[in-house]
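The values are calculated or read from the model by the stated rules, or taken from the named source; none is laboratory data. Everything quoted here is computed from the prediction, not taken from an experiment. In this analysis, Cβ positions are derived from the backbone assuming ideal geometry, glycine residues included, and neighbour counts consider all displayed protein chains. Surface accessibility is based on the protein's heavy atoms, side chains included, excluding ligands, DNA and RNA. Shrake-Rupley method; radii C 1.70, N 1.55, O 1.52, S 1.80 Å.
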Amino acid sequence: GVCLFVAFFILMVDSKFFTNFSYPIYGVMMFMLLVVLFFGQEVKGAKAWLVIGSIKVQPAEFAKFATALALAKFMSGRTFKFKDLQDKIKMGFILALPIILILLQNDTGSMLAYTSFFLMFYREGMSGWILVSGVSAATLFILALLSPVGLIIGIALLVLMIIINAYLS
């Protein structure tokens, strides 16, 4: 019932509300992530929950929405250019701040959801090499966990990908 109410409320709100308040919403969520570090309740090793009476809230979930809003607002600006280094640094800061705060909470699972933003960056013009490098590093990590042979195979695959990229570039 609560979700239906919230969904209906979001649909009824003018889209300009989200455009105008994206940065304040982002700021409030970053503040909430800081508050959790000091006053949060630890659940299963992660200090990621705020307890308000009988209600438990995990600000990291709302921070994902706030980060997406802030990135959308920034990237929709008239002067935004994905190739501009200064704009990339600003995007990186918008994305890195919640990631760092969530990692400090020891909530790696929530932090991993932020890697999906790299797919959006790729769609907007990020080099495919960055995306391939990230996937390769994750694959190498998983193979290294499985066995030493997996590590050797993973390194061989990584070298092969670097050679292919150098040839195609």
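Tell me which residues, restricted to the range 58-91, are among the hydrophobic types (A, V, I, L, M, F, W, C) and open to solvent by 90 Å² or more (accessible area, probe 1.4 Å). Spell out the reasoning first.
At the first step, the residues of the range 58-91 found to be among the hydrophobic types (A, V, I, L, M, F, W, C) are 60, 62-63, 65-66, 68-72, 74-75, 80, 82, 85, 89, 91.
Passing the criteria: 62, 65, 85, 89.
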With the structure loaded, tell me whether residue 7 is over 16 Å from residue 70 (Cβ atoms), among the small types (Gly, Ala, Ser), surrounded by 11 or more Cβ atoms within 10 Å (Cβ to Cβ) and out of contact with any strand residue (DSSP E or B) (no Cβ under 6 Å at 6 or more places or on another chain) or whether it fails that test. no
All but one of (1) touching a residue at least 40 places away in the same chain (Cβ under 8 Å); (2) part of a helix (DSSP H, G or I); (3) open to solvent by less than 30 Å² (accessible area, probe 1.4 Å) hold for residue 136; which doesn't? (1)
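Considering each residue of the range 35-57, count those that are in contact (Cβ under 8 Å) with a residue 40 or more places away in the chain and surrounded by 15 or more Cβ atoms within 10 Å (Cβ to Cβ), and give that number.
First, the residues of the range 35-57 that are in contact (Cβ under 8 Å) with a residue 40 or more places away in the chain: 36-37, 40, 45-48.
Okay, now just the ones that are also surrounded by 15 or more Cβ atoms within 10 Å (Cβ to Cβ), so 36, 40, 46-48.
Total meeting the criteria: 5.
Inspect the range 107-119 for any residue being acidic (Asp, Glu), in contact (Cβ under 8 Å) with a residue 40 or more places away in the chain and closer than 19 Å to residue 18 by Cα and give the result as yes or no. Let's see the steps before the verdict.
Here is the first cut: in the range 107-119, the residues acidic (Asp, Glu) are 107.
With in contact (Cβ under 8 Å) with a residue 40 or more places away in the chain added as a condition, the list becomes 107.
Going one step further and asking which of them are closer than 19 Å to residue 18 by Cα, we end up with none.
Within the range 107-119, not a single residue is acidic (Asp, Glu), in contact (Cβ under 8 Å) with a residue 40 or more places away in the chain and closer than 19 Å to residue 18 by Cα.
Looking at 156, 96, which is the one that is of a type outside the set (Phe, Trp, Tyr) and open to solvent by less than 50 Å² (accessible area, probe 1.4 Å)?
Just one listed residue meets the conditions, 96.
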Conditions (1) under 27 Å from residue 63 (Cβ atoms); (2) among the aliphatic types (A, V, I, L, M); (3) open to solvent by 70 Å² or more (accessible area, probe 1.4 Å); (4) free of Cβ contacts under 8 Å to residues at least 60 places away in the same chain: number failed by residue 104: (4)
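Inspect all residues belonging to the range 50-62 and state whether any of them is touching a Lys or Arg at 6+ places or on another chain (Cβ under 8 Å) and of a type outside the set (A, V, I, L, M, F, W, C).
To start, the set of residues in the range 50-62 that are touching a Lys or Arg at 6+ places or on another chain (Cβ under 8 Å) comprises 50.
Filter once more, so that each one left must be of a type outside the set (A, V, I, L, M, F, W, C): none.
No - not one qualifying residue is present in the range 50-62.
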Condition first: within 16 Å of the chain's Cα centre (by Cα), open to solvent by 60 Å² or more (accessible area, probe 1.4 Å) and not charged (D, E, K, R). Now tell me which residues in the range 121-133 satisfy that. 122, 130
Is one or more of the residues making up the range 40-60 at pLDDT below 90 and in contact with a Ser or Thr (Cβ under 6 Å, 6 or more places away or on another chain)? yes
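Test residue 141 against the criterion of being among the aromatic types (Phe, Trp, Tyr) and either within 17 Å of the chain's Cα centre (by Cα) or open to solvent by less than 40 Å² (accessible area, probe 1.4 Å) (or both), and give yes or no. Don't jump to the end; show me each part of the working.
Numbers: among the aromatic types (Phe, Trp, Tyr): yes; either within 17 Å of the chain's Cα centre (by Cα) or open to solvent by less than 40 Å² (accessible area, probe 1.4 Å) (or both): no.
Taking the combined requirement at face value, the residue does not satisfy it.
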